[in-house]
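Chemist: Questions regarding the structure given below will be posed in turn.
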Amino acid sequence: MLHVFLKMNKNDLSIATITWARDEKEAALLKDALASLALLKVPVFISDGGSSESFIQFLNSFPHFHLLPAAGNGVWAQVKNSLQAAYQHSSSFVFYTEPDKKDFFENHLQPMLQNVEVDGKSGIITASRSAAGFDTFPLFQQMTETAINNCIAEVMEVNVDYTYGPFLLHKAL
């Protein structure tokens, strides 16, 4: 069977993410990263874990950011909430990311979306870190994520950085 692959169309994309700026330093980091994400100008569904009013105002300052009402406690509840909201959007693909990936948003997200080829059978497309980027993480985190990646690679039979975070998900999944 012949599959026709098309370049990803950002008009067929919504983004799901979570936030919780626990102090001013973290708020500044997240604001900087999310301002970069906002440049993509696609719907972003954000579940916040209890940030300050000034941070919430910042999020609400972007017309394509959709701040969601709280839905339970903890990171899993936030992730689920933002993914479900993005799923309900009319786009065929949902991109999930943590909110603090400024370098990724500025240098890698648009090229990834411009170069990825999708079709009706596309499922999950993950972003990966370079070995040099991964080496900047604490040793314990490297060991933990390497073990997780190795376990998943054993099942999937593909050696990829599964723990980096950002991924493109066809909403049929």
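Chemist: Which residue, of S122, S128, is small (G, A, S), open to solvent by less than 40 Å² (accessible area, probe 1.4 Å) and not in a helix (DSSP H, G or I)? Spell out the reasoning first.
Modeler: Values: S128 fails: open to solvent by less than 40 Å² (accessible area, probe 1.4 Å).
Just a single option satisfies the conditions, and that option is S122.
Chemist: Across region 148-171, what is the total count of residues that are in contact (Cβ under 8 Å) with a residue 60 or more places away in the chain and either open to solvent by 40 Å² or more (accessible area, probe 1.4 Å) or touching a Leu at 6+ places or on another chain (Cβ under 7 Å) (or both)? If you could, list the steps in order and put the result at the bottom.
Modeler: If we filter region 148-171 for residues that are in contact (Cβ under 8 Å) with a residue 60 or more places away in the chain, which is where we start, we get 165-171.
Filter once more, so that each one left must be either open to solvent by 40 Å² or more (accessible area, probe 1.4 Å) or touching a Leu at 6+ places or on another chain (Cβ under 7 Å) (or both): 167, 171.
Qualifying residue count, region 148-171: 2.
Chemist: Taking region 104-117 as the search range and keeping residues that are surrounded by fewer than 19 Cβ atoms within 10 Å (Cβ to Cβ) and touching a Ser or Thr at 6+ places or on another chain (Cβ under 9 Å), which one is nearest to L29 (Cα to Cα)? Let's see the steps before the verdict.
Modeler: So in region 104-117, the residues surrounded by fewer than 19 Cβ atoms within 10 Å (Cβ to Cβ) come out as 106-108, 110-112, 114-117.
Okay, now just the ones that are also touching a Ser or Thr at 6+ places or on another chain (Cβ under 9 Å), so 106, 116.
Details: E106: 14, V116: 28 Å.
Applying the filter and picking the extreme gives E106.
Chemist: I'm trying to understand the selection: among the residues of region 133-147, which are assigned to a helix (DSSP H, G or I) and either surrounded by 15 or more Cβ atoms within 10 Å (Cβ to Cβ) or at pLDDT below 90 (or both)?
Modeler: Step one: filter region 133-147 for residues assigned to a helix (DSSP H, G or I), giving 133-134, 139-147.
Those that are assigned to a helix (DSSP H, G or I) and either surrounded by 15 or more Cβ atoms within 10 Å (Cβ to Cβ) or at pLDDT below 90 (or both): G133, F134, E145.
Chemist: So, in region 42-73, exactly how many residues are free of Cβ contacts under 8 Å to residues at least 24 places away in the same chain and either under 18 Å from the mean Cα position of the chain (by Cα) or open to solvent by less than 40 Å² (accessible area, probe 1.4 Å) (or both)?
Modeler: 4
The values are calculated or read from the model by the stated rules, or taken from the named source; none is laboratory data. These figures come from a predicted structure and were not determined experimentally. A quick note on method: Cβ atoms are made from the backbone with ideal geometry, for glycine too, and the neighbour counts reach across all protein chains shown. We work out accessible area using only protein heavy atoms, side chains counted, and drop any ligands, DNA or RNA first. Shrake-Rupley method; radii C 1.70, N 1.55, O 1.52, S 1.80 Å.
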